[in-house]
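No value in this document is a laboratory result; all are computed from the given coordinates. As the structure is a prediction and not an experimental result, all values here were calculated from the model. Neighbour counts run over all protein chains shown; Cβ positions are idealised from the backbone, glycine included.
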Amino acid sequence: MTQDKDAPLREDIRLLGRLLGDTVRDQQGAASFDLIERIRQTSVRFRRDDDLAARRELEDTLDALSREQTLQVVRAFGYFSHLANIAEDQHHIRRSRAHLIAGSAPREGSLAHAIAVALEEQRLDPTELAAFFDTALVSPVLTAHPTEVQRKSILNCQTVVARLLDERDRMQLTPEEAEANLEGLRRAVLTLWQTRILRPAKLSVIDEVTNGLSYFESTFLRELPRLYASLEDRLTATQPALANHELPAFLQVGSWIGGDRDGNPFVTATVLEEALAMQAAVALGYYLDELHTLGSQLSLSQGLVGASDALIALAGRSPDQSPHRSDEPYRRAIAGIYARLAATYLALLDHAPARHAVAAAEPYASVGALADDLDILHRSLVANGTATLARGRLRHLRRAVKVFGFHLAPIDLRQNSDVHERVVAELLEVARPGTDYLAQDEAGRCALLLEELGTARPLASPHVRYSDDSESELAIFRAARRAHLRYGQGAIRNCIISKTDDLSDLLELAVLLKEAGLLRPLENALDVNLVPLFETIGDLENAAGVMDRLFSLPGYRSLLAAREQTQEVMLGYSDSNKDGGFLTSGWALYKAEGELVEVFARHGVRLRLFHGRGGSVGRGGGPSYQAILAQPDGAVQGQIRLTEQGEVIAAKYGNPEVGRRNLEVLVAATLETSLRRNGRDRTPQAFLDAMQALSDTAFASYRGLVYETPGFEQYFWESTVISEIAGLNIGSRPASRKKGTSIEDLRAIPWVFSWSQCRLMLPGWFGFGSAVKQWLATHPKDGLGLLQRMYREWSFFATLLSNMDMVLAKTDLAIASRYAALVKDVALRDSIFERIRAEWKDTVDALLAITDQVELLDANPLLKRSIRNRFPYLDPLNHVQVELLRRHRDGNGEDARIRNGIHISINGIAAGLRNSG
């Protein structure tokens, strides 16, 4: 009999649903529970049986709700979405563990599979494989964006629920233990129900820093060292000679939170310095706690185990002179390390740690000195027959110190090129009146900038008061210089230029770095990476040319020597999608990468790509493993960075075990893609030509709707929750770059998020149907066959369609039509929605034909079931949201209950869709 692998998932969802129902009954009364249960059953019946009578009954019930009932319904279904997410995450953990316990073949995306591919398919020697990591870099980068709608308090409640579910899985509980576990779940669900889901005030940047740090505390600080240990052990298993080989710190988590100034005036030098201090406090606090525990564990007596001369000397320098530990050199050495680290904490943060050292000591001058002392402990244990002890807590602590340093995570600085341009223009005009930098053409600007970069003389004068913008920018770079001196250069490694469209954008940043001493021309020293961000379709098309001109500058090539001849380039998925649509964005990114590979190879520079992906497919989201494997040959040269944004951070890294699995996927994909033999699967020219033709048509279709249809801007603002998102306290950054309703000025994040809320997901598919229809019309004989071949044989095209498949499965045109009804101009509403409906049908038909599916997601039954199981709980939220929007816009805008209801529904729908922003 075939085992139903999803049965435990359904049991968990039923359990959590029952506990939520019990909580509603106890807290709100039987009448509220009966109402919510009737809505749930009707919604399930409608989705399961496609019962139109059930749909009418559902609509009638929801339309008749009072304001108080509406809030209770929204809260109940919103919380259920959160609980269902927890159950699904737990089921993924359960299935992964079952796979490992059964001793099955390694799964794709696992390190075991990636190592097997490297050794067996690529025929690498294990030593060569280990050497790969010497120059590798894999770095997910956390960003604060207004798609993260969950409060930290809600996440804490969910963590408790997840832990208790996990306990039920891993332990054979006695009846008493089972009852205690169930009681704990009841308490956790009750706490969740009674915890305010919305923030009463808008987040500050420091609030966002605090939220980001919670993932380091719960996941990264503990799971990264374990992942390194697992990888080292796997390599040792393939080659025993690698037993003592320790990998460099190639896997690191970065952050934009506190350093991303593009469009966010609240990120200042003061905020940056506070963010750096908060990060350092988390890192040092973790090390101190681990040292304290380690001291209690390594109670080794010198009469029973040996110690190296270095260890004896380290213990001798310890301020711990207690006679009770006189024969315990390891403990005394650890007490000395603790004392020095506590002194470092005081020196860096201007206050002492909570747990004081036994006595005062000299602070560490660098994180390397701390690592050296921990290495003395390690080597002494190994040399004296106690290597097993060295492989426990000490191993993980040593690894954490090497990965996180004193700074925890490197903070990237980012600013728009327009800001840099204005600042440089002002500095030049004050220093050299009449320069008129802004009036210069590109060649004239570059000449001026290169002249400045040829001298160590600063432009800025301490005796001049510059504009607020200029003072703010100069202060940021000076703060970065101080951070290097305080925490080490690992604290800030990258400066990113948004909206890079020509060479002068990079040179302007170089001039500003020189002002702060981060670029020193006479020494050919560059302390940070200059990272251009190419975002629009036009910028992506020009990217290779810009980099070619940059590398042709002898002065810049000299500076690159300080960066190991490695240049990072960031590619923007979000704005390119908003600019040109899903298909054209994906194709423009693919082509840009290929062209960059050629330019970098010609100049002998190593390419590192930084992928600015969002959570949704409309912003470059989707499964990371497939996305990395679908990169062009040579685009992943052992190094990759990618953003983790919005609610995706909580989904990927909120649970420590799920977080480790996602980190492992990034490493595995980077390893497999980097070692893939270039040209092995050279893409046929026919595929490239077809893709270009599809892109051209899709681009015209998308631009025709979004930018060329009169009234579309009005349609968007009235048929989505964009206005209400702007008022939701979910991020420190404004929704638009400028005041007004222009789609050009709207940030890509709320653009995509709004379309997700109304269940259209338009940025993730629009234009594909028109493109395929035109292609088949001009290639009636073999057009479909070629597209099917592309899907089977070209990973880029297959990944594109797989992501679109997932997006389309989450759409619902019936629900979207209710949002469209909010548009007051009936003619405008009907004409635009019918265009969207027709394109949706053409897109679905095209996708099913190319992928040879009967229904969407036939190729991914697990995801198909997951999405379908969620619909009955999302439908009521969408229906209520539409009704609340109508009331809000019809004159009840000041009613706090209506606003709260809208915002709670936004939260619940985002949770149910998971990758919506």
Just subtract the alpha-carbon distance of E471 and A105 from 0.36 nm times their residue separation and send over the number in nm, one decimal.
125.9 nm
Please figure out what share of the DSSP beta bridges in segment 469-622 is antiparallel and state it in percent, rounded to the nearest 5.
15
Of A118, S153, Q567, whose Cα points farthest to the positive end of the dipole of the chain (charges on the beta-carbon: +1 Lys, Arg; -1 Asp, Glu; origin at the Cα centre)?
S153
What percentages, rounded to whole numbers, describe P(r) for segment 760-917 computed over all alpha carbon pairs with 10 Å bin width beginning at zero?
10, 32, 32, 18, 7, 2, 0
Hey, quick one: spin label on N384, modelled 7 Å out along Cα-Cβ, who in segment 322-340 has an amide N within reach, i.e. under 12 Å?
327-334
How high is the relative contact order of segment 477-572, given as a whole-number percent (alpha carbon pairs under 8 Å, six or more residues apart)?
31
Can you tell me the order of 821-830, 512-521 when each peptide is scored by its average per-residue count of other Cβ atoms within 10 angstrom, highest first?
512-521, 821-830
So if each residue of separation counts as 0.36 nm, and I subtract the Cα-Cα distance between S742 and D845, what length gain in nm does that give?
33.8 nm
Read phi for every residue in segment 189-199 and hand back ³J(HN,Hα) as whole Hz from Karplus 6.51 cos²θ - 1.76 cosθ + 1.60, θ = phi - 60°, with x for Gly and Pro.
5, 4, 4, 4, 5, 9, 9, 4, 7, 10, 7
Cα-centred dipole magnitude for segment 350-452, charges only on beta-carbon of K, R (+1) and D, E (-1), debye, nearest 20
1320
For the chain, build the charge dipole from Cβ charges (+1 Lys, Arg; -1 Asp, Glu) around the Cα centre, then report which of N542, I640, L746 sits farthest towards its positive end.
I640
In whole percents, the bins of 5 Å from zero upward hold the Cα-Cα pairs of segment 204-342 as 2, 9, 13, 12, 12, 15, 13, 10, 7, 4, 2, 1, 0
If I model segment 157-228 as equal point scatterers sitting on the Cα atoms and use the Debye formula, what is log10 I(q)/I(0) at q = 0.13, 0.14, 0.23 Å⁻¹?
-0.60, -0.68, -1.04
Taking the Cα centre of the chain as origin and charging only Cβ (+1 Lys, Arg; -1 Asp, Glu), how large is the dipole, in debye to the nearest 20?
1600
Starting at 0 and stepping by 10 Å, how many percent of the alpha carbon pairs of the chain end up in each bin?
2, 11, 20, 24, 22, 14, 6, 2, 0, 0
Each label point is 7 Å from the Cα along the Cα-to-Cβ direction; what then is the distance between the points at L862 and T709, in nm?
3.7
Between D4 and S230, what is the FRET efficiency for a Förster distance of 35 Å, r being their Cβ-Cβ separation, to the nearest 0.05?
0.70
Magnitude of the Cβ-charge dipole (Lys and Arg +1, Asp and Glu -1) of segment 485-559 about the Cα centre, nearest 20 debye, reported as 440
antiparallel share of DSSP beta bridges within the chain, to nearest 5, in %, is 10
Is the shape of segment 25-89 best called rounded, prolate or oblate, per the rule: a/c under 1.5 gives rounded, else a/b larger than b/c gives prolate, else oblate, with a ≥ b ≥ c the square roots of the Cα gyration tensor eigenvalues?
oblate
Full extension from A243 to H113: what is 0.36 nm times the residue separation minus their Cα-Cα distance, to one decimal in nm?
44.8 nm
Let me know the Rg and Dmax you get for segment 289-415 when you use only its Cα atoms, in Å.
15.1, 61
Work from the charge dipole of the chain (Cβ charges, +1 for Lys and Arg, -1 for Asp and Glu, about the Cα centre) and give the residue of I93, T673, T135 farthest towards its positive end.
I93
